[in-house]
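The values are calculated or read from the model by the stated rules, or taken from the named source; none is laboratory data. No experiment lies behind these values; they were computed from the predicted model shown. Ideal geometry is used to build each Cβ from the backbone, glycine not excepted, and the neighbour counts take in all protein chains shown.
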Amino acid sequence: MTRHVVASVAELPPGSRKFLTIDGRPIAVFNIKGEYLGVLNRCPHQGASLCEGPLIGLAQSHNPGEIEYARQGEIIRCPWHGWGRSR
Amino acid sequence: MTAPIAGGVDCDVHPAVPHLTSLLPYLNDYWRDQVTTRGMTDLISQSYPTHSPITSRPDWRPAQGKPGSNPDDMRAQALDRFQVSHAICNPLYGVQMVFSEDMADAFCRALNDWLAKEWLDREPRLRGSIVVSLQSVEKAVAEIERCAQDPRFVQVLLLVMGDMPLGRRAYWPIYAAAERLGLTIGIHAGSAYHNPPTSVGWGSYHIEDYVAQAQAFQTQLTSLIVEGVFARHPGLKMVMLESGFTWLPSFLWRLHKFWRGLRMETPWVDRAPLEIVRSNIRFSLQPIDAPPDPVTLNRLFDHMQSDELLLFSTDYPHWQFEGDAVLPDGLSDDLVKKIMIDNPHATYPRLKVPVAKETMP
Amino acid sequence: MNIQVRERPEQASPVVAKTAIADCDIHPARATPTELYPWLARRWHSHLETIGLHAYQGMMGGPPYPKAQPNASRRDAYPPEGGPQGSSLSFMQTQHLDPNNVALGVLNPLGTGQGLRNHELATALCSAINDWQIAKWTSLDPRLKASIVVANEDGPTAAAEIRRRAGDKNFVQVLLLSRNAEPLGQRRYWPIYEAAEEAGLPVGIHAFGYGGNPITASGWPSYYIEEMVGHSQCQQSALASLVLEGVFERFPNLKMIMIEAGFGWAPSLAWRLDKVWQRLKSEVPHVKRPPSEYISERVWWTTQPMEDPEKREHLLELIDWIGWDRLLFATDYPHWDYDDPSRVLPAGVSDANREGFYLGNALKLYGLA
C-alpha cells in the first residue's frame, strides 16, 4: 500500500474536507468528528461528484410526524439526486 | 373474449337513489322539513350526469327512472348475468358536495340506511359501502362505527377528488376506525367539486373531468404513500374504484425515483412505494384504459409485477364494455380466478362473515 | 505533502464525449438580481425593489414547497466566479456543454415573468428575458438556442411578443409552463398558439408555474416530493385540455413539447383519452379524430427525469409504445435531478434509435437538421 501525505492536521479540522486525485482517481478526505475518512468522489448512481454534497444526519421515523435525527454530520448527501452515503 | 367464471365478486356496482325524496323516510323531522321547505330536489353530481353516455350502457338504461335504480334490473343485468356470489354497492350520490357538515352527515346517514333497507335487505348477494362525507372527520368516524355493526357493510367509501389530499393526517381517525373494524377503504372516481377537478384548474368539459379521474388517483396514491398512512396502518387495504390502472407501472417508477432522493422529507415511508402498493392497494377492473393490442396489455400486466392488484368489477351500470366482454382478451385461467375470486376475498375480509338478514341499528 | 489538495474538486477532465447530443432543457440563471435592468424600463426597477414579483403564490422569494437542493440545483454547479448555478456561460461550457458534447442546447429560463399577477410586469420581464437570452447566451455560443418567453395569462400581448421575435434564428420555440390560471387548452391561450403556428415555432410546455390552482384535484399536498411527482399529473391534465379543446384541430401545424415531466404517462393517457372520446365525443365535436392520433403526430417529450424501472427492458417497451422518434434528450442542467447522458439509456437500443434519441429528433423538430 502506498502512503500519501494529504494535509497537516491543522488544515483538516472536524467537519472539513479536501479534494485530491490519486492515480487519476478523484478522492475526498473528510474529518468526521475527529476521524479521517477517504471516499471515492463518484456517486454509484450516475457518477456525480458525491463528496461536494452537504454533510447531514440520518432522519428516521417510527411514527409519522416524529423524526429522530441522529449521526449528524456523518452522511454525505449527493449533490445531484440526494442519495445518502454514510461512513 | 375471455369468459368470466361463476362465483366472482363484483367490486363496483352503483345502486341509484331515485330522488332526494327517497331519503326522506331516513331523515329526522328537522332534516325532512329542511329538504321539503327549502325546495331541495336532488343531489346529482356533474361527475355522472344522469343522461351522460358514461352513466349508463344503453341496454342497461331503463325506460324510466335513473339507471341502476331498480334492484330487479341489477339482478338480471349484472348479478345473474355475470354469476357473481357477491357485489359491493358503491352509491354515487352527491352528498359530498354539500358544504354544511351537519347537512352532509344527515344525508350520509340517510343514504346508508336507505342502502341497507332497500338493497341489502332485498338481495342477499349484495354488500355495501359506508358513505361518509369528510367535512367532519369526527362525524365520519361515528357513522363508520354505527354502520360497521351491520356485517354487510364491508367498505368505507370516499371520493377521489375532495377537499384535501387523502393522505393528510387530519383524516387518519377514519383510517384507524376502518382498520380496527375490518373495513376496506374504497376511493371512487368522482369529485365533491370543492377544488377544480384537474391538477391545473377547471376544465371545460364533462369528458375532461372524467379523464382527470385517473390523474386524481395518481396524486392521491402519492399522498397516501408519502404521508405514511400505511406505515401507521399496515393492515389497512384501500381499493381504487373506477380509476383505471394502466397508468400504474410508470407512475410507480416515477414515485420510486423521487422517493429515493427525497426520503429525508418523509422518513416514515419505510418501504418502497411498489411494495406498499403490492401489500395495501388494489384496483377495480373497469374501466380498462386498454391499448388497442391485447399483447401490449399483457406486457403491461408484467410491468405491474403482481397478479394480486386487480379486483373484478362491472362498474354497473356505467358504460365501460360491450356485451359480456368484461374481461380483457388473453387472460390465463389462473389470472381470471385471481381477479374474480381470490383477490376480492383477500381484500374484503368481511365478505366471509355470515350474515342474517338484519336491519340497521 | 506529496499530493496536491484542493478546497474544491477539480472539474472532470475535458474528455469530450464521443456522441454529440442535444440538450433540450437547460436552465440559464441570472447572476444578480439586477442583471435584467438594461432591458427593463426604469419604472420596473423600483417596482421590483419594493413590491416585488407578486405571483400566484404567497412567498415573496422562494417556492412554497422548499427544494431538495439550494436553487433546486446541483451543488457542484456553482460557478467559481460566484453567482447561482447556471448563471455563468463559461462555467456551463466547461462543466456541461464541452465535456458532454452538446451540439444543441435549448434554453428554458425559469423564474421569469410567467405566473405573475401583474400582467404588465409579466410582459416587461418576459421581453427582457428574451433580450437577455440573446445578449448573454445565444450570441456568444452558437450551440445554444433560446425560447420565446411570454406573459402566459395575457394572450394578445403574448402573441405580439412572439410575432416580434418570429424569424429571429436565436429562438427555436415558445415557452409556457404547465400550471396556469386555466388549463392550457382554453381559449384565452389560443392567441399564443396562433402566433407560434404562424411563426413556425413549436410550443414547449415546461413543468411548474403558478396559476393559483391547487396542484391536485383534491387540494394542496404537504410535501415537495408530491409536487415533483405531481408534474406528471399536471402535464397530463394540460395535454388532455389541449386535445379536448381542439387546439390541435384548430392549429393544424402546431407542435408541442412536454418538458421535464417524464414521458411514462403518455401511452396510458392516450389510451384513456381514446376510450372516453369514443364514449363522449358528442360533447366535443371539434375533436374530429381519436386523441391518440393528435398526440402521436404533434407532441414530443423531453426525457428528463428519465423513467427508471427495475427491469430496464420495461423502459425500452415503454418507449416502443410512444415512438422512438418522439423523445428529445434533456439533462435539466443545472437542476439536482439532472440526468447524465452516458447513464440513462440501457443497452439494447438500435443505433438509429439511439441517434434520434440523443440528437436527431431534436434537430428535426427544431428545423436545424
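Just one of C:TRP277, C:TRP220 is at the interface with another protein chain (Cβ under 8 Å from one of its Cβ atoms), at negative phi and surrounded by fewer than 20 Cβ atoms within 10 Å (Cβ to Cβ); which is it? I'd like the intermediate steps shown before the answer.
On the way: C:TRP277 fails: surrounded by fewer than 20 Cβ atoms within 10 Å (Cβ to Cβ).
Criteria check complete, one pass: C:TRP220.
For the range B:305-312, check the following and say yes or no: at least one residue is at the interface with another protein chain (Cβ under 10 Å from one of its Cβ atoms), surrounded by fewer than 23 Cβ atoms within 10 Å (Cβ to Cβ) and farther than 26 Å from B:ASN90 by Cα.
The answer is yes, given that some residue of the range B:305-312 is at the interface with another protein chain (Cβ under 10 Å from one of its Cβ atoms), surrounded by fewer than 23 Cβ atoms within 10 Å (Cβ to Cβ) and farther than 26 Å from B:ASN90 by Cα.
Taking C:HIS286, is it buried (at least 21 other Cβ atoms within 10 Å of the Cβ), in contact with a helix residue (DSSP H, G or I) (Cβ under 9 Å, 6 or more places away or on another chain), more than 20 Å from B:PHE245 (Cα to Cα) and not small (Gly, Ala, Ser)? Walk me through how you get there before you give the answer.
On the way: buried (at least 21 other Cβ atoms within 10 Å of the Cβ): no; in contact with a helix residue (DSSP H, G or I) (Cβ under 9 Å, 6 or more places away or on another chain): yes; more than 20 Å from B:PHE245 (Cα to Cα): yes; not small (Gly, Ala, Ser): yes.
When the stated conditions are applied, C:HIS286 does not pass them.
I'm trying to understand the selection: among the residues of the range C:293-326, which are touching a residue at least 12 places away in the same chain (Cβ under 8 Å), facing another protein chain (nearest Cβ under 9 Å), surrounded by 19 or more Cβ atoms within 10 Å (Cβ to Cβ) and outside any loop (DSSP other than H, G, I, E, B)?
Selection gives C:LEU315, C:LEU318.
Just one of the numbered conditions (1) within 14 Å of chain C (Cβ to nearest Cβ); (2) more than 27 Å from C:PRO305 (Cα to Cα); (3) in a helix (DSSP H, G or I); (4) more than 17 Å from the chain's Cα centre (by Cα) is not true of B:TYR210; which one?
In the conditions (1) within 14 Å of chain C (Cβ to nearest Cβ); (2) more than 27 Å from C:PRO305 (Cα to Cα); (3) in a helix (DSSP H, G or I); (4) more than 17 Å from the chain's Cα centre (by Cα), B:TYR210 misses (4) alone.
Since A:TYR69 meets every condition but one in (1) modelled with pLDDT under 90; (2) surrounded by fewer than 16 Cβ atoms within 10 Å (Cβ to Cβ); (3) aromatic (Phe, Trp, Tyr), which condition does it not meet?
Among (1) modelled with pLDDT under 90; (2) surrounded by fewer than 16 Cβ atoms within 10 Å (Cβ to Cβ); (3) aromatic (Phe, Trp, Tyr), A:TYR69 violates only (1).
Going residue by residue through the range C:172-179, is there one that turns out to be in a helix (DSSP H, G or I) and away from chain B (no Cβ under 14 Å)?
First, the residues of the range C:172-179 that are in a helix (DSSP H, G or I): none.
Scanning the range C:172-179 turns up no residue that is in a helix (DSSP H, G or I) and away from chain B (no Cβ under 14 Å).
Would you please name the residue that is farthest from C:TYR338 (Cα to Cα), looking only at residues in the range A:21-51 that are among the hydroxyl-bearing types (Ser, Thr, Tyr) and within 12 Å of another protein chain (Cβ to nearest Cβ)? I'd like the intermediate steps shown before the answer.
Of the range A:21-51, the ones among the hydroxyl-bearing types (Ser, Thr, Tyr) are A:21, A:36, A:49.
With the extra rule that they be within 12 Å of another protein chain (Cβ to nearest Cβ), the set shrinks to A:21, A:49.
Details: A:THR21: 25, A:SER49: 13 Å.
The selected residue is A:THR21.
Inspect all residues belonging to the range C:161-169 and state whether any of them is aliphatic (A, V, I, L, M), over 16 Å from the mean Cα position of the chain (by Cα) and over 24 Å from C:VAL106 (Cβ atoms). Spell out how you get there, then give the answer.
Going residue by residue through the range C:161-169, those that are aliphatic (A, V, I, L, M) are C:162, C:166.
Okay, now just the ones that are also over 16 Å from the mean Cα position of the chain (by Cα), so C:162, C:166.
If we keep only those that are over 24 Å from C:VAL106 (Cβ atoms) as well, we get none.
No, the range C:161-169 has no match at all.
Pairs needed: first member in the range B:150-170, facing chain C (nearest Cβ under 7 Å); second member anywhere, among the acidic types (Asp, Glu); C-beta distance under 8 Å; at least 6 residues apart or different chains.
Matching pairs, first to second residue: B:PRO165/B:GLU227; B:PRO165/C:GLU226; B:ARG168/B:GLU227.
Take B:THR219 and decide whether it is within 30 Å of B:GLU145 (Cα to Cα) and either buried (at least 24 other Cβ atoms within 10 Å of the Cβ) or without any contact (Cβ under 8 Å) to a residue 24 or more places away in the chain (or both).
Numbers: within 30 Å of B:GLU145 (Cα to Cα): yes; either buried (at least 24 other Cβ atoms within 10 Å of the Cβ) or without any contact (Cβ under 8 Å) to a residue 24 or more places away in the chain (or both): yes.
Yes: the conditions hold for B:THR219.
Any chance you could count how many residues in the range B:220-245 are more than 14 Å from chain A (Cβ to nearest Cβ) and touching a strand residue (DSSP E or B) at 6+ places or on another chain (Cβ under 9 Å)?
Restricting attention to the range B:220-245, the residues satisfying the condition of being more than 14 Å from chain A (Cβ to nearest Cβ) are B:220-222, B:235, B:237-245.
Retained after the next criterion (residues that are touching a strand residue (DSSP E or B) at 6+ places or on another chain (Cβ under 9 Å)): B:220-221, B:237-245.
Selection size over the range B:220-245: 11.
Under the condition of being more than 20 Å from C:GLU307 (Cα to Cα), out of contact with any Asp or Glu (no Cβ under 6 Å at 6 or more places or on another chain) and outside any loop (DSSP other than H, G, I, E, B), which residue from the range B:279-297 is nearest to the other protein chains (Cβ to nearest Cβ)?
Looking at residues that are more than 20 Å from C:GLU307 (Cα to Cα), out of contact with any Asp or Glu (no Cβ under 6 Å at 6 or more places or on another chain) and outside any loop (DSSP other than H, G, I, E, B), I get B:VAL295.
When you scan the range A:48-64, do you find a residue that is in a loop (DSSP other than H, G, I, E, B), on the phi > 0 side of the Ramachandran plot and free of Cβ contacts under 8 Å to residues at least 40 places away in the same chain, even just one?
Taking the range A:48-64 first, the residues in a loop (DSSP other than H, G, I, E, B) are A:48-49, A:53-54, A:64.
Checking which are on the phi > 0 side of the Ramachandran plot leaves us with none.
Looking for residues that are in a loop (DSSP other than H, G, I, E, B), on the phi > 0 side of the Ramachandran plot and free of Cβ contacts under 8 Å to residues at least 40 places away in the same chain, one finds none in the range A:48-64, hence no.
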